[in-house]
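The values are calculated or read from the model by the stated rules, or taken from the named source; none is laboratory data. Keep in mind that this is a model prediction, so the values were computed, not measured. Cβ placement follows ideal geometry from the backbone for every residue including glycine, while neighbour counts extend to all protein chains displayed.
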């Protein structure tokens, strides 16, 4: 029996059409898009085609798309680029307590350079209150960076509302949409954001390639300095093979989304209902309705996530856990702690993300396999009996 | 990520359970540091006649618990007190750098159980409930420790400001 892969948040397999396009590209194109001869121009055409495909996925103008080496670089570019670009205007940045590490650690670096950061709390569902964002704005605020959908609990933030506030106060607004783009409809014009990060490996494109949407006129300094690639916004010869793959993946995501989305949601809900019916004392994390359709975060009381993950792996089921950031001690996910979960429960969290190859049979096997594993580990756990006895 | 011996002990942990009339009980760890381990011992003629454990923790923590019970069984109390975290890690064929602290937990829990037995024998009745609460309170929420020199470091620090070594992060 094959492995059941339920970790699409960590990376998706290539769409067959993407694989096809990348191989065809390798076989026919090798030039550098900046070269003016015909070999180079062939490469430039492939690059611009991919740019249009990616732009169409988020309703942007192709000129507003900059290719990057993935979601992390895209986020770094947005945040550090605005910080440098607007360094004369102000030094205050607003974010939330549940951002991805690329945001948290970009801001950690900026703190070293004397930027001030306000990090906002979320409610128990992981939602940010737009009113709190407005309250945090000062004359010194140059940037707001808030994710579109959380990559651990799936909660979708009120980005359009926050964008209106940002516009009103003339503050640049970046959203990390890596977990959302290609999964749910994302329209930069409807959202009203200035900067948006996306990554190909969230929608069946290759890893190591992503993009940053930069609304025309947004003051973003380059992260990588060098030549005039990407309209002088990101130097360095493009990863054209990856970019071609991303372009096709974006097109397939746009075309297949109406079919994909309800299917993923149905599979995820089947898993959720099955686990709730089969395993007592579990908690579903994230917002009950405003959430990513393919993600399920489950905290299983009295047991630890890595143990669950390893045992599922032995049964041929690949899932993620956010139990540990091991700096000497195992640490619970900052996202789950921000939503108010206690440390022990947060440690016992599994993160399932279904994909276009997932079947109902796969889901049913998980629902069948997990309960005995939970029982085994609970019987081993000193927390189980103690809390039961209380 | 883990050695074959670790996976073997994780998948088939030895000596899981409790000893209701244990002569000594050791409890270490807390939910904040991610692992909790309880060790129960039965002592006969100064030897560990029986030993069982219960653990809440990652794969390494469970393998360490299983291994240390195997190593301690049948040993004299003095021999058991000399089992170190290094011995456990070595017997498991090594542990990933960022999981080495799990082996501390195993040795600490075993030694705590022996100490508890000796205290009881000496007529001292330690209040386990109180000791447990002190453990939970001790790390003070957000504390992170360098896995090499065990000094307190800032959350998410890429390297330890005391010993200068890079701190591995899992993602």
Give, as residue ranges, the helices (runs of 4 or more DSSP H) completely inside region A:314-390 that count at least 1 residues that are surrounded by 20 or more Cβ atoms within 10 Å (Cβ to Cβ), modelled with pLDDT of 90 or more and away from every other protein chain (no Cβ under 12 Å).
-> A:334-338, A:360-380
Check region B:51-68 and report whether any residue there is surrounded by 24 or more Cβ atoms within 10 Å (Cβ to Cβ), touching a strand residue (DSSP E or B) at 6+ places or on another chain (Cβ under 6 Å) and under 17 Å from residue B:79 (Cβ atoms).
-> yes
Kindly indicate whether residue A:217 is more than 22 Å from the chain's Cα centre (by Cα), surrounded by fewer than 16 Cβ atoms within 10 Å (Cβ to Cβ) and on the phi < 0 side of the Ramachandran plot.
-> no
Just one of A:45, A:132 is part of a helix (DSSP H, G or I), surrounded by fewer than 20 Cβ atoms within 10 Å (Cβ to Cβ), touching a strand residue (DSSP E or B) at 6+ places or on another chain (Cβ under 6 Å) and modelled with pLDDT of 95 or more; which is it?
-> A:132
Right, residue B:5: away from chain A (no Cβ under 13 Å) and either touching a helix residue (DSSP H, G or I) at 6+ places or on another chain (Cβ under 9 Å) or over 26 Å from residue A:343 (Cα atoms) (or both) or not?
-> yes
Quick check: anything in region A:91-110 part of a loop (DSSP other than H, G, I, E, B), surrounded by fewer than 20 Cβ atoms within 10 Å (Cβ to Cβ) and in contact with a helix residue (DSSP H, G or I) (Cβ under 7 Å, 6 or more places away or on another chain)?
-> yes
Within region B:86-102, can one find any residue that is within 14 Å of chain A (Cβ to nearest Cβ), modelled with pLDDT of 95 or more and under 11 Å from the mean Cα position of the chain (by Cα)?
-> no
Out of A:162, A:144, sole residue that is part of a strand (DSSP E or B) and crowded, with 24+ Cβ neighbours inside 10 Å = A:144
Condition broken by residue A:219, with the remaining ones in (1) within 26 Å of residue A:322 (Cα to Cα); (2) in a loop (DSSP other than H, G, I, E, B); (3) more than 14 Å from every other protein chain (Cβ to nearest Cβ) satisfied = (1)
Being buried (at least 19 other Cβ atoms within 10 Å of the Cβ) and in the same structural domain as residue A:51 (by TED's automatic domain parsing) narrows A:72, A:118 down to just A:72
